[in-house]
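Colleague: This is the structure, below, for whatever I ask next.
Each value in this text was obtained by applying a stated rule to the coordinates, not by laboratory testing. Small disclaimer: the values here were computed from a predicted structure and weren't measured. Glycine also receives a Cβ, built like all others from the backbone with ideal geometry; neighbour counts cover every protein chain displayed.
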Amino acid sequence: MNTSNKKIKVMYIVFEFPQLSQTYIKNEIEALVDFAEINVISLAPANLAYENYHSFTLLSKLKDIVEKIREFDPDVLHSHWINMTPIMNKISLLTGIPYTIRAHSFDVLGQPSILSSLRQLINTFRLKPVFGGFSPNNVSKIINMDNCLGVLSFPFTRKILNDSGVKQSKIFDCFPVISRDIFLNVDANGTSIMNVGACIPKKKMENFIDLSLLVPDRNFNLYSIGYQTEKIAAYNQAHGSPVNILDVVQPELMPAEYKKHQWLVYTADKLYNTVGWPMALAEAQASGVGVCLPNLRPDLNDYIGGAGVLYDSVEQLADIIRQDVPKSIRDLGFEVSKKSDIKKHINMLLSIWRNK
């Protein structure tokens with residue numbers, strides 16, 4: 001077992017890397033490099049890749065993954081999304097290496113379906129996580145096994161995980177992970193309105209275009225990442241192209257993009273209700289941008305910490321975003337964003353690994 005003054009060896013096994021909509025993995029790896037020797041395996045190619053990424057190996061066959069792990073001889077395995085748990089458990093048992101998982105939102109908030117357990121069994125052999133119909137109920141028994149060292153998850157999900165059968169001792173409360181230092185900027189912001197994220201149905205980015213029609217005197221920018229961007233672009237064009245749908249921006253350039261804006265209006269489909277605590281909100285707060293988030297659940301109050309607006313419909317936002325962000329909200333946002341600073345809680349992950 002490693003001591004605290006020796007670099008721990010960590011093998012990441014993630015579904016798709018280096019995916020632009022998953023920069024939380026990038027943030028985590030960059031915060032760990034001074035403390036850990038890191039190797040990355042991606043099970044599938046990224047849908048839309050960022051440029052400055054940690055070296056990785058693309059492997060889709062179990063025997064190749066096991067061989068790579070034995071060659072690296074890590075102290076611990078690590079992944080993101082708890083619907084990767086069956087795959088991680090299988091690899092862990094074959095190699096004798098324990099693992100950890102960092103959960104997010106869709107994987108904890110998803111609703112179970114009758115077919116999800118069958119899909120999980122089939123997909124585990126194919127080394128693919130289950131998406132539709134997945135819920136923590138599918139994997140609680142696996143998480144409780146000794147070879148799983150624990151799940152890092154947003155504070156509001158502790159009850160959900162525990163009610164699903166996950167032991168309290170396996171759950172570690174943790175805010176989203178952002179590299180706050182690169183976003184922190186107290187200078188004045190521009191006047192535009194922004195939205196950012198993976199262009200998938202649960203984000204319902206059509207609402208952002210609808211809002212732009214209500215506030216034609218503000219400039220609207222949508223940083224839509226991959227997936228169904230063409231569909232949103234067609235919707236925008238059909239409504240007279242009121243929103244600028246921008247080319248992909250690399251993570252290192254995003255701080256300057258945030259500074260062009262007064263408000264971030266995050267959108268989500270209430271029927272899905274799997275949007276959790278988006279890291280973009282903390283990045284925006286650190287950048288002096290006001291944040292607006294759909295009022296999906298009470299826990300969102302805990303995340304924005306009073307430094308933003310929860311809304312029930314975009315129509316409610318029209319008058320708000322016509323004005324600049326109030327100084328009190330902006331100043332509070334700088335403070336609230338500290339809770340998501342990866343530098344403040346990376347030791348939690350290191351402690352779990354070192355005390356295994």
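Colleague: So if R0 is 35 Å, what FRET efficiency would HIS239 and GLN323 give, r being the distance between their Cβ atoms, rounded to the nearest 0.05?
Modeller: Efficiency, rounded to the nearest 0.05: 0.90.
Colleague: Moving to a separate point now. Using Cβ contacts closer than 10 Å as the measure, can you line up TYR24, TYR12 from fewest to most?
Modeller: Sorted ascending by nearby Cβ count, the order is TYR24, TYR12.
Colleague: Can you give me the Cα centroid spacing of region 121-138 and region 56-101 in angstrom?
Modeller: If you average the Cα positions of each part, the centres end up 16 Å apart.
Colleague: OK, next. Using the number of other C-beta atoms within 10 angstrom as an exposure proxy, rank VAL40, VAL186, VAL289, VAL325 with the fewest first.
Modeller: VAL186, VAL40, VAL325, VAL289
Colleague: Next question, about the same structure. Could you put LYS141, LYS327 in order, starting from the residue whose Cβ has the fewest other Cβ atoms within 10 Å?
Modeller: LYS327, LYS141
Colleague: Restricting to DSSP H runs of at least four residues, report the calculated mean residue ellipticity at 222 nm for the chain, -39500 (n - 2.57) per run over all residues, nearest 500 deg cm²/dmol.
Modeller: Result for the chain, helices only: -9500 deg cm²/dmol.
Colleague: Below 10 angstrom from the Cβ of GLU206, what's the summed charge of the other residues (Lys, Arg +1; Asp, Glu -1)?
Modeller: Net of charged neighbours comes to +1.
Colleague: Follow-up question, since we're still on this one. What does the convex hull of the Cα atoms of region 28-109 come to per residue, in Å³, rounded to a whole number?
Modeller: 112 Å³
Colleague: Additional query: By how many nm would the segment from VAL248 to SER351 grow when fully extended, if each residue of separation counts as 0.36 nm and the alpha-carbon distance is taken off?
Modeller: Stretched fully, the VAL248-SER351 segment lengthens by 33.5 nm.
Colleague: OK, next. Provide the three semi-axes, in whole Å and in decreasing order, of the ellipsoid equivalent to region 180-339 as defined by the square roots of 5 times the Cα gyration tensor eigenvalues.
Modeller: Taking √(5λ) for each eigenvalue gives 22, 17, 16 Å, largest first.
Colleague: Relative to the longest principal axis of the C-alpha atoms of the chain, give the angle of the C-alpha long axis of helix 327-336, reported between 0 and 90° and rounded to the nearest 10°.
Modeller: Once rounded, one gets 0 degrees.
Colleague: Just to confirm my numbers, what's the Cα centroid distance between region 272-323 and region 152-192 in Å?
Modeller: Using only Cα atoms, the two centres lie 14 Å from each other.
Colleague: Relative to the present Cα-Cα distance, how much length would full extension add between LEU213 and ASN144 at 0.36 nm per residue of separation?
Modeller: 19.9 nm
Colleague: Here's a follow-up. For ALA49 and ALA256, FRET efficiency with R0 = 25 Å and r from the beta-carbon atoms, rounded to 0.05?
Modeller: 0.75
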